[in-house]
Amino acid sequence: MKRIMLSVITRLLFCPSFARASDAPAGSIRTLKGNATIIRNKNAVETKIGSRVFQKDSLKTGVDGSIAIVFKDDTLLSIGPNSEVVINEFLFSPAEGKLSIITRLIKGTSAYLSGIIAKISPESVRFETPVANIGIRGTKFAVMVEGPAE
């Protein structure tokens, strides 16, 4: 049993390929009101203050919902009622030069306040909508995308 534990510990310490960047949380939920859900791998996961948010997660809010996320680089993203945002990519490893945050607003409203990635590498930050891509050069903005008539 000791040999197995030693082998597992050794592999974890000396083989960092086990922990991919996409497995690391991009950030966490700072505030949450009303109906709001994290969709991960096509499944709804428990959503509460402190819940971790990962690359490729979708965040959806209902008519009374809102979410605020703080990313690992201190970027703040708020999502208003009846909204959907996808975190397409999040890389934050300044020592390795890996910096990227790409989000997509499918519908609804969102407000953004830039963090460290935008300060170090503004060309690595992109906010996409169905009709335009926004390259982040400033520090904050708000955007609204109307969904199709229902």
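The values are calculated or read from the model by the stated rules, or taken from the named source; none is laboratory data. Small disclaimer: the values here were computed from a predicted structure and weren't measured. Every residue, glycine as well, gets a Cβ built from its backbone with ideal geometry; the counts of neighbours run over all protein chains shown. These area figures cover heavy atoms from the full protein model, side chains too; ligands, DNA and RNA do not enter into them. Shrake-Rupley method; radii C 1.70, N 1.55, O 1.52, S 1.80 Å.
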First measure r as the distance between the Cβ atoms of Lys42 and Lys119, then evaluate 1/(1 + (r/R0)^6) with R0 = 25 Å and state the FRET efficiency to the nearest 0.05.
0.15
Could you tell me how far the Cα centroid of region 99-130 sits from the Cα centroid of region 34-74, in Å?
16
Leaving out ligands, DNA and RNA, and with a 1.4 Å probe, what % of the accessible surface on region 69-139 is carbon or sulfur?
55
Lysines near Lys107 by alpha-carbon distance under 22 Å, same-chain residues fewer than 8 away left out - which ones?
Lys33, Lys42, Lys48, Lys56, Lys60, Lys140
Sorted by chain and then number, the residues having a modelled amide H within less than 5 Å of the amide H of Phe141, at least 5 places away or on another chain, are Tyr112
Applying the Karplus parametrisation 6.51 cos²θ - 1.76 cosθ + 1.60 with θ = phi - 60° to the phi angles of region 40-56, what ³J(HN,Hα) value in whole Hz is obtained for each residue in order, glycine and proline being reported as x?
10, 6, 6, 10, 6, 10, 4, 10, 8, 4, x, 4, 7, 10, 10, 3, 6
